[in-house]
Amino acid sequence: MAQANLSVLVLHGPNLNLLGQREPGIYGSLNLAEINRLLEQEAAKLAVNIDFSQSNHEGVLVDKIHSAWGQHQGILINPGAYTHTSVAIRDAVAGVNIPTVEVHLSNVYRREEFRHHSYIAPVAVGQISGFGAQSYLLGLQALVYHLRNQTN
Ligand code: CA2
């Protein structure tokens, strides 16, 4: 039987709209539009549909996660600083029950102690951290692999 087309929602959290303008030593020199373009190319190779959204607001990210229900089969999220603070985003991910992969540009475990804890990781399929823009591409590959191979 033919495989149904998968659709993935990519969510970028707070301050990631500043990428490419400041702190290239930590976050790389690509801006968000360039990362999205790379993701589009990767999505085309993987034959999945992809949508993007960025917000600096916790509630907007929660709403985006809710609206993914019935529209997208997977979520790729860089929750930014909300990774380390947001029970609301964690509850939204758990609530919609859409397989979610968490990604980070920087290796959060090599940085300040407060970045070592993620509220999202326990409700995510997995986490990729430390590979710059490549983290997103690896995360998309891993998510699509998971969606195509999950048995439940
Ligand atoms: O490494 C990541 O992807 C992070 O999610 C980035 C967040 C940080 O709070 C997390 O601990 C790790 C920060 C994103 C801020 O991005 C900026 C980009 C350019 C200039 C300033 C901030």
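Could you check region 113-128 and list, in sequence order, the residues that are of a type in the set (D, E, K, R) and more than 8 Å from the ligand (Cβ to nearest atom)?
If the condition is that a residue be of a type in the set (D, E, K, R) and more than 8 Å from the ligand (Cβ to nearest atom), then 113 is the only one that fits.
Within region 36-152, considering only strands (runs of 3 or more DSSP E) that don't extend past its boundaries, which have at least 1 residues that are farther than 17 Å from residue 12 by Cβ?
Answer list for region 36-152: 49-54, 126-129.
Tell me which residues, restricted to region 16-53, are away from the ligand (no atom under 11 Å from the Cβ), open to solvent by 60 Å² or more (accessible area, probe 1.4 Å) and more than 23 Å from residue 148 (Cβ to Cβ).
Result: 34, 37.
Could you list, in sequence order, the residues of region 80-133 that are acidic (Asp, Glu) and either open to solvent by less than 50 Å² (accessible area, probe 1.4 Å) or closer than 17 Å to residue 16 by Cα (or both)?
The one that is acidic (Asp, Glu) and either open to solvent by less than 50 Å² (accessible area, probe 1.4 Å) or closer than 17 Å to residue 16 by Cα (or both): 102.
Among (1) touching a residue at least 24 places away in the same chain (Cβ under 8 Å); (2) open to solvent by less than 70 Å² (accessible area, probe 1.4 Å); (3) within 28 Å of residue 21 (Cβ to Cβ), where does residue 64 come up short?
Of (1) touching a residue at least 24 places away in the same chain (Cβ under 8 Å); (2) open to solvent by less than 70 Å² (accessible area, probe 1.4 Å); (3) within 28 Å of residue 21 (Cβ to Cβ), only one is false for residue 64: (2).
The values are calculated or read from the model by the stated rules, or taken from the named source; none is laboratory data. Predicted, not measured: the structure shown is a model, and the values here were computed from it. Quick reminder, even Gly has a Cβ in these numbers, built from the backbone with ideal geometry, and neighbours come from all protein chains shown. Just so you know, the surface numbers come from the protein's heavy atoms only, side chains and all, with ligands and any DNA or RNA stripped out. Shrake-Rupley method; radii C 1.70, N 1.55, O 1.52, S 1.80 Å.
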